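All remarks here apply to the structure that follows.
The values are calculated or read from the model by the stated rules, or taken from the named source; none is laboratory data. In this text the structure is predicted, and so the values were computed from the model without any measurement. We place every Cβ from the backbone using ideal geometry, glycine too, and count neighbours over all the protein chains shown. Just the protein is used for accessible areas: all its heavy atoms, side chains included, with ligands, DNA and RNA removed. Shrake-Rupley method; radii C 1.70, N 1.55, O 1.52, S 1.80 Å.
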Amino acid sequence: VLTTPMILGTDGQQMSKTRGNAVWLDDTAEDMFGKLMALPDEHIITYMELVTDIPLEGVRKVEEGLNGKLHPMDAKKQLALSVVEGFHGIDKAQEAQEKWESTFQKGEVPTDIPTHKLNGEENVVDILVNSGAVSSKSEARRLIEQGGIELDGVKVADPTTNLDSTGTLRIGKHRFLKIENS
């Protein structure tokens, strides 16, 4: 029998499917990297000890560094790169890191995002639902009301807004949808 301390989820709570805070073994490299980067700072060392092949001396150096000059984001990048490499290989891990950095550190829009073709003028709520970006009209309206939808960097404030031209919708922090004319 092998026992280990409990690994908490990406939100610091008990990891569970219901909470949606788990890093799944079959996640894509990008999803896995992003979830690990969302990990609370106080769990970095536990994850390094229990989930990676990083030698314990290396983990101790990171732990000492976190008490001084090492930024937690740098430690998380090392953790995420190590975990993703173990499941997807070094090339996919480095590619996932580059995508994460360009999207979340530099604020760039990814190039490989889903596209929705406009049929004339369409309501933003309908676009979000019909494209599959959200699961329901109520979810779309709630995101808009909470300021979670942007069109080309400008918040969409009204759920009745109609779109009739091209652009890029940012849905929350992590999802994008390219709007094109048909």
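A few remarks follow.
- Ranked order, PHE87, PHE176 - accessible area, probe 1.4 Å, largest first: PHE87, PHE176
- Which label in (i) 56, 33, 25; (ii) 41, 35, 32; (iii) 61, 30, 30 gives the computed Cα extents along the principal axes in Å: (iii)
- Crossing angle, helix 72-88 versus the chain [Cα axis fit, 0-90 degrees, rounded to tens]: 90
- Accessible surface of VAL129 - all protein chains present, 1.4 Å probe, nearest 10 Å²: 40
- For a paramagnetic label modelled on SER135 (point 7 Å from Cα along Cα→Cβ), amide N atoms under 12 Å away belong, within the stretch 1-42, to 18-20.
- Separation in nanometres of the label points that stand 7 Å from Cα toward Cβ, at GLU42 and GLU121: 5.3
- The candidates ASP91, ASP27, ASP164, arranged from most to least accessible area with a 1.4 Å probe in the full protein assembly, appear as ASP91, ASP164, ASP27.
- Most fluctuating residue given options LYS35, LYS117, LYS99, as computed from a GNM of the chain linking Cα atoms under 10 Å: LYS117
- Residue list for the stretch 153-182, given a label point 7 angstrom along the Cα-to-Cβ vector of ASP11 and an amide N cut-off under 19 Å: 172-175
- Each residue was assigned an accessible area with a 1.4 Å probe, and for VAL109 the value is about 80 Å².
- Per-atom-type breakdown for the stretch 35-173 gives carbon and sulfur 47% of the accessible area (1.4 Å probe, protein chains only).
- Label-to-label distance for ASP53 and GLU145 is 5.0 nm, based on points extended 7 Å past Cα in the beta-carbon direction.
- Sorting SER16, SER135 by solvent-accessible area of protein heavy atoms yields SER135, SER16, largest first, with a 1.4 Å probe.
- Accessible surface of ASP11 - all protein chains present, 1.4 Å probe, nearest 10 Å²: 80
- Acute angle (nearest 10 degrees) that the helix 90-100 long axis makes with the longest principal axis of the chain, alpha-carbon atoms: 50
- Considering helices alone, the calculated mean residue ellipticity of the chain at 222 nm is -11500 deg cm²/dmol, with DSSP H runs of length four and up weighted by -39500 (n - 2.57) and normalised per residue.
- Among VAL154, VAL84, VAL62: highest mean-square fluctuation, GNM of the chain, C-alpha pairs under 10 Å: VAL154
- For the stretch 1-134, the solvent-accessible area works out to 60 Å² per residue, with a probe of 1.4 Å and every protein chain left in place.
- Axis angle, to the nearest 10 degrees, between helix 56-66 and the longest C-alpha principal axis of the chain: 60 degrees.
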